[in-house]
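Step one of this worksheet: look at the structure below.
No value in this document is a laboratory result; all are computed from the given coordinates. Bear in mind the structure is a predicted one, so any value in this text is a computation, not a measurement. Cβ placement follows ideal geometry from the backbone for every residue including glycine, while neighbour counts extend to all protein chains displayed.
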């Protein structure tokens with residue numbers, strides 16, 4: 001038995017198991033959660049069972065979600081996270097009480113980012129009842145979360161050189177024994193670990209490279225304001241612009257995929273991802289630069305200057321010599337002047 005003592009009249013957690021079925025190998029204690037790790041009879045993988053009692057305040061809950069995600073991220077095995085989360089995922093999980101959209105979004109982001117999925121429970125819809133009559137408060141605060149997918153896959157990875165090779169190399173020459181479902185699970189977990197390692201290395205390398213190219217691009221654009229770029233400098237500027245745009249395209253593609261996953265959960269409250277997609281479309285439809293006399297410029301100040309110059313020249317009156325109407329002693333009434 002594992003125990004976390006209560007603080008006054010609140011909190012307190014306990015995990016109890018049958019030693020004939022479950023063998024404990026490790027445990028973690030926190031004021032708001034209790035983790036018991038071990039092996040269930042007949043199962044080779046480590047099972048991590050986390051009992052949660054979340055605080056009331058939104059800031060404290062956000063800190064708790066980060067702590068739980070960190071524990072899960074740094075541990076191996078399967079996960080079952082259950083208990084009193086003091087949070088709802090949608091407005092429908094509350095009745096006769098105030099709905100906090102920000103807290104719900106934090107909770108949903110935590111579940112999705114931690115690769116957890118809610119287990120469908122039988123029985124009553126609400127797990128907390130208080131009050132009387134029509135003022136009865138009903139809230140779903142107790143729930144069970146389990147490991148969802150072995151890893152998260154982004155479609156943009158297929159466009160990166162080496163991704164397919166990482167998947168092939170992860171399972172080539174490796175043999176597993178056991179039931180077919182267990183073999184599949186082991187293969188997916190191995191692929192997940194290899195992909196995470198590859199993606200972290202690639203992201204770090206590409207991030208440093210893009211930062212360097214952004215700096216070089218801005219440096220050349222500053223030179224553009226003083227003089228024309230030489231052929232070699234123009235080639236460097238074009239190459240930097242291309243690589244930066246490719247990086248942004250990958251980022252926006254991942255953002256779009258994530259927004260599609262989160263939209264059914266968040267709806268109109270999913271403002272961060274909604275505005276991210278809108279801004280991405282704006283960027284796609286925007287004019288990144290102009291080609292002037294065979295040279296490409298993208299610095300906003302120079303683009304504005306060229307656009308202004310274009311329309312100024314387009315609407316300029318080049319005919320400076322206009323005939324003058326000179327009529328002596330001509331008088332027109334107001335009506336005649338208006339018609340004229």
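Separation of the stretch 1-67 and the stretch 85-101 by C-alpha centroid, Å?
Cα centroid to Cα centroid, the span is 24 Å.
Scattering from the C-alpha atoms of the stretch 91-173 alone, worked out with Debye: what is log10 I(q)/I(0) at q = 0.13, 0.16, 0.21 1/Å?
Relative scattering, expressed as log10 I(q)/I(0), comes to -0.63, -0.79, -1.08.
For the stretch 1-141, what is the largest minus smallest coordinate of the Cα atoms on each principal axis, given in angstrom and ordered from greatest to least?
Answer, in whole Å and largest first: 49, 32, 29 Å.
Kindly put 36, 63 in sequence by how many other C-beta atoms sit within 10 Å of each C-beta, fewest to most.
Listed from fewest to most nearby Cβ atoms, that is 63, 36.
Of 59, 141, how do they rank once you tally other Cβ atoms within 10 Å and put the fewest first?
Details: 59 10, 141 16.
Listing 59, 141 from fewest to most nearby Cβ atoms yields 59, 141.
From a point 7 Å beyond the Cα of residue 302 in the direction of its Cβ, which residues of the stretch 225-259 have a backbone N at a distance under 20 Å?
Residues 225-246 fall inside that zone.
Treat the count of other C-beta atoms within 10 Å as a stand-in for reagent exposure and order 314, 250 from fewest to most.
Details: 314 7, 250 17.
Final ranking by Cβ density, sparse to dense: 314, 250.
I want to check the label-to-label distance for residue 75 and residue 96. Put each point 7 Å from Cα in the C-beta direction and report it in nm to one decimal.
3.8
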